[in-house]
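Trainee: Shown below is the structure under consideration.
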Amino acid sequence: MAITIIIGAQWGDEGKGKAVDVFAAQSDAVVRFQGGNNAGHTLVVNGQKTVLHLIPSGALYPHIDCFLSRGVVIHPTTLLVELKALSHQGIDLNNRLFISQRAPLIMPWHIEIDRLREATQGFIGTTKKGIGPAYEQFIARQAILADDLRDPERAIHKIELFFPERAALIKALGGTPSTTKEAIRHFHDDYDKTYRHLVPFITDVEAELRRRAQRGDSILFEGAQGTFLDVGIGAYPFVTSSHTTAAGACTGANTSPRHIDRIIGVCKAYSTRVGQGPFPTELAADSKVGQFLQTHGHEFGATTGRPRRCGWLDLVLLKEAIDLNGMDSIVLTKLDVLSGLKEVKIATEYDDQQQPRYKTFPGWTQDLSRAQSLTELPREARDYIDFIARSIAPQKCKISHISVGPGRAQIFELS
Ligand code: IMP
């Protein structure tokens, strides 16, 4: 297998970091291709928890090279903080991390615009990390790119040209913008403190990835967020600002679809969503089951700490995600969280009012967290998995792995 894409099948937080960590073991390189530090991947290795927002999950393997391709919006300070945190754990990414010269940077004014919009319009519930405003400025052909850090005078010229427009926007949103002169001074300060440290990592990532793919390296593309947060697919405007689906890996890393060999979806055994937007199988936050899932699943955002909305698995959306992405297989995560529920439900269709109709399964009480094969699961859990597997089989998609806990070993493959 040369190129594999792993993406979320729902609204993010499916446990992709864990799945990537497992598949990364057999890869030479891991690539983030979209999003920014709005993502948060929690990895638990040898009991030690690591939360990464920008650096690909493969970083924890010393043999893996990590790439941030041009589709990622990069917040330099976050990246530097992560590099330092990993370095404290003995993980050195010098000569192992490559940042695309074409990647747009998240600048302080992007965060300010995101924050002001949330404060004044506030209907999306973004992570307030400046993701949308950074992509906006990139699409407007005004972005400061990673490449500009190699020639700070070019970046300053862009600030002179384009910052006044952003300042006007900040003012229109009720904020107090800096002057262009102040923005340039901040850039100089940030350059000395942070930006210059990233320069050695900046390179032509896309050309390098093509070279590696041609020589047959095994490359893993790691998606952030999930299918239904894709800006063109999700319930607009309740979406993120990038293409989170498999096709996004091609545009986000300038890779031809012909080079993709395998597409893996990660799907939680139930559903969660952070921020606003439709969620057909949502359980009321104060309902017993809603609270059970939130507590047992530790459903709080890795990036913002916000409680995640919780609900049953939506098979209608899962099948759509399989189609939209062309998924070959699914990693079903957090099955262990369902232990202790009297009954478990799956939405199998929607009625005329677009309300989900459910199939109800008997629950189970056994702790699944040590299971290493299907046969070690209670019959009720096997029936739950079997129903999902049979439902997606006509799409030529199978469940390949079941994850039963956050640890690296708490996952097994289905034969
Ligand atoms: P933004 O990506 O910060 O602009 O936020 C847009 C929407 O995507 C909001 O509903 C966020 O909660 C959601 N979102 C962004 N990143 C993630 C993620 O990693 N997991 C889940 N939801 C996310």
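Trainee: Pick from Thr245, Thr78, Thr227 the residue whose mean-square fluctuation is largest in a GNM of the chain, springs joining Cα atoms under 10 Å.
Mentor: In the Gaussian network model the winner is Thr78.
Trainee: Suppose all protein chains stay in the model; what accessible area per residue would a 1.4 Å probe give for the chain, in Å²? The partial results should precede the final answer.
Mentor: Details: 17800 Å² over 415 residues.
That works out to 43 Å² for each residue.
Trainee: Also: Tell me the mean residue ellipticity at 222 nm calculated for the chain from its helices only (DSSP H runs of n ≥ 4, each -39500 (n - 2.57), averaged over every residue, nearest 500).
Mentor: Values: 11 runs with 127 residues, N = 415.
Taking each H run of at least 4 residues, the total per residue is -9500 deg cm²/dmol.
Trainee: Can you tell me which of Ala146, Ala371, Ala168 moves the most in a GNM of the chain? Springs connect C-alpha atoms under 10 Å apart.
Mentor: Ala168
Trainee: I've got another one for you. With +1 on the Cβ of every Lys and Arg and -1 on the Cβ of every Asp and Glu, and nothing else charged, how large is the dipole of the chain about its Cα centre, in debye rounded to the nearest 20? Before the final figure, lay out each step's value.
Mentor: Details: 47 positive and 46 negative charges, 29 e Å.
In total the dipole reaches around 140 debye.
Trainee: Something else now. Give the Rg (one decimal place) followed by the Dmax (whole number) of the range 1-73, computed from C-alpha coordinates and expressed in Å.
Mentor: Final numbers for Rg and Dmax: 11.6, 33 Å.
Trainee: Give me the Kirkwood hydrodynamic radius of the range 151-266, using the inverse of the mean 1/r over all pairs of distinct Cα atoms, in Å to one decimal. Let's see the in-between values first.
Mentor: Working: mean 1/r = 0.0561 Å⁻¹.
The Cα-based Kirkwood calculation yields 17.8 Å.
Trainee: Taking the Cα centre of the range 321-415 as the origin and placing charges on Cβ (Lys, Arg +1; Asp, Glu -1), which of Gln366, Gln395, Leu335 is farthest toward the positive end of the dipole?
Mentor: Result: Gln366, furthest along the dipole toward the positive end.
Trainee: Using a 1.4 Å probe, how large is the accessible area of Tyr350, given in Å² and rounded to the nearest 10?
Mentor: 60 Å²
Trainee: What is the sum of charges around Arg70, taking Lys and Arg as +1, Asp and Glu as -1, for the other residues whose C-beta is under 9 Å from the C-beta of Arg70?
Mentor: Values: positive: Arg102; negative: Glu206.
It works out to a net charge of 0.
Trainee: While we're looking at this one, here's another question. Over all Cα pairs of the range 284-415, how is the pair count split among 10 Å bins, expressed in % and running from 0 up to the last occupied bin?
Mentor: The percentages, shortest bin first, are 11, 39, 40, 10, 0.
Trainee: On average, how much area does the Cα convex hull of the chain cover when viewed from any direction, in nm²?
Mentor: On the way: hull surface 80.1 nm².
Projected area, direction-averaged: 20.0 nm².
Trainee: For the range 75-167, what is Rg from Cα atoms divided by 2.2 N^0.38 Å, rounded to two decimals? Show your work: numbers first, answer last.
Mentor: Working: Rg = 15.2 Å, N = 93, 2.2 N^0.38 = 12.3 Å.
Scaled against compact globular proteins, the figure is 1.23.
The values are calculated or read from the model by the stated rules, or taken from the named source; none is laboratory data. Note that the coordinates shown come from a computational prediction; the quantities given were computed from them, not determined experimentally. In this analysis, Cβ positions are derived from the backbone assuming ideal geometry, glycine residues included, and neighbour counts consider all displayed protein chains. For accessibility, only protein heavy atoms count, side chains too; no ligands or nucleic acids. Shrake-Rupley method; radii C 1.70, N 1.55, O 1.52, S 1.80 Å.
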